[in-house]
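In what follows, a single structure is set out as structure tokens and then discussed.
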């Protein structure tokens, strides 16, 4: 019996590569996005579009489309990025990043709780920029705050879902060549997705709530 993986932010970048990776591995892939790219449409996976993870309407659309199906892997990958410094501050962008990057994944996971069972793995694609002890350069207020908040949500999910046998991975992909960073990264989205998939495969209920780099290093909070 094939396994089912749900990937948010699936239209491009790491999200698309997750879909391609798991499709190749024989999973039933459900790709969730706001609008489907031509590349995603050609992948041969199920697509649920029209889903903005920060809105109640988007979450309800996702919930209805998934229905009562069981989920083996849920990958909360959707996210946005912009830089706010003290000299160039946009508080609306700070709030928007918190809504999409931190509250969005919690909304998705909460909406799909009925499909999570013992053995299900939930991955949160975060960033080491959410690490407080690793912050030595400042700035990036909205992004750092949103990812720190996502990390906190991940730990709460790990504790709350552990009795049900559901494990949580909190994952930093590395510096990835995506449009989010102007393609300035040092690894490709395909490499990042493959590494992150390996971390998800290695995840157990005993290691739930761990903050991992895609290379396998455990990161500081």
Q: Inspect all residues belonging to the stretch 96-103 and state whether any of them is in a loop (DSSP other than H, G, I, E, B) and in contact (Cβ under 8 Å) with a residue 24 or more places away in the chain.
A: no
Q. Out of curiosity, is residue 113 free of Cβ contacts under 8 Å to residues at least 60 places away in the same chain and in contact with a strand residue (DSSP E or B) (Cβ under 7 Å, 6 or more places away or on another chain)?
A. no
Q: Would you kindly identify the helices (runs of 4 or more DSSP H) lying entirely within the stretch 1-78 that contain at least 3 residues that are crowded, with 18+ Cβ neighbours inside 10 Å and modelled with pLDDT of 95 or more?
A: 13-24, 56-66
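Rundown of residues vs (1) within 12 Å of the chain's Cα centre (by Cα); (2) more than 21 Å from residue 70 (Cα to Cα); (3) surrounded by fewer than 19 Cβ atoms within 10 Å (Cβ to Cβ), yes/no style:
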residue: 94; (1), (2), (3): no, yes, yes
residue: 97; (1), (2), (3): no, yes, no
residue: 138; (1), (2), (3): no, yes, yes
residue: 150; (1), (2), (3): yes, yes, no
residue: 157; (1), (2), (3): no, no, no
residue: 160; (1), (2), (3): no, no, yes
residue: 166; (1), (2), (3): no, no, no
residue: 170; (1), (2), (3): yes, yes, no
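The values are calculated or read from the model by the stated rules, or taken from the named source; none is laboratory data. Keep in mind the model is a prediction, meaning the values are calculated, not measured. Positions of Cβ are generated from backbone atoms using ideal geometry, with glycine treated the same way; all protein chains shown enter the neighbour counts.
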